[in-house]
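Colleague: Following this message is one structure expressed as structure tokens.
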Amino acid sequence: MVDKSEKFNWLVRVGYFSRAILYTVLGLIALTNAGKISEGTSGIFKAVEDFPGGTAILWLMVIGLLAYALFRFASPAFDIENSGSDKKGWAKRIGHAGSGIGHLALAYSAYQFATSAIRESGGGAQGAAAGVLSVEFGGIVLGLLGIAFFVTTIFQIKKGLSGEFMHRISGSAPSFTHWLGAAGYCARGVVYAVVGWSLFKAGFMSAGAEQVKTLGDAVASLAGEGIIFTLTAVGLVLFGIFSLVLARYRIIPDMGDKGRVPSFRG
């Protein structure tokens, strides 16, 4: 019988597989189809929808991205990554929460495409941001979310440059995993910075909900930046391949009280 911890483990691996699809498609669209990348995140899911069995893939991504988001929320809630409770530890845990929110939003977007609800309702991230801004202290919420993305940006780039992410990967992973992750994390850091800035402006600078950028929107906004755009797009493809490696070789911490600390590599 499969226990709850093992079920959670497999769900998280499906999450990494979904992330692999998401970032690989995003990077390839950015490199090959300027028209679709201008559609932002919608362009990613439209491309997936056009694949053979696209709707089934979208539902897989809904489940996987939701599982991955819950995995990230487990870090600030239970410290399953053993980040600690000092300032540095809480900064990492807040960064994980920011990642969780971002992937929860992506799961919802995939759900809208899987059910065709996006064609009926529209709105997307800008509509959600407008809803948040319409309530009391909504601007503060968006602004703080932007700060969470800034924190995540710092740790993404730090991970890429230091290679510390390898401690959470099995020693049997392919030798090229390190450089895949290094390029991918740095590219994702650039994208997260753009998303964070858009949220910060909308929340604290009264820039309006229409300024809020999703993952795809953030990449599209870099399209006029020449080599920065190209390197970021290539890095996102590499991050997608890296995520595929993680789906097999990532060490998933046990959610139980006695096994929350992963067995890190030496």
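The values are calculated or read from the model by the stated rules, or taken from the named source; none is laboratory data. Here the structure is a predicted model, which is why all the values come from computation and not from measurement. Because the Cβ atoms are built from the backbone with ideal geometry, glycine has one as well, and the counts that use them run over all protein chains shown. Heavy atoms of the whole protein, side chains included, go into the accessibility calculation; ligands, DNA and RNA do not. Shrake-Rupley method; radii C 1.70, N 1.55, O 1.52, S 1.80 Å.
Colleague: Counting only the heavy atoms of the protein chains, how much of Ser198 is accessible to a 1.4 Å probe, in Å² to the nearest 10?
Modeller: About 0 Å², ignoring ligands and nucleic acids.
Colleague: Here's another thing I want to ask about it. Compare the peptides 225-232, 163-170, 148-155 by average per-residue count of other Cβ atoms within 10 angstrom and give them in order, highest first.
Modeller: Highest to lowest by the protection proxy: 148-155, 163-170, 225-232.
Colleague: What is the sum of charges around Lys159, taking Lys and Arg as +1, Asp and Glu as -1, for the other residues whose C-beta is under 11 Å from the C-beta of Lys159?
Modeller: Around Lys159, the surrounding residues sum to +3.
Colleague: Using modelled backbone amide H atoms (1.01 Å from N, in-plane), which distant-in-sequence or interchain residues come within less than 5 Å of Ile169's amide H?
Modeller: Under 5 Å from the amide H of Ile169: Ile251, Arg265.
Colleague: If you don't mind, another one. Within the set of other residues whose C-beta is less than 14 Å from the C-beta of Gly102, count the net charge using Lys and Arg as +1 and Asp and Glu as -1.
Modeller: Its environment carries a net charge of +3.
Colleague: Further question: Mind ranking Phe200, Phe113 by accessible surface for me, highest first, 1.4 Å probe?
Modeller: Sorted by accessible area, descending: Phe200, Phe113.
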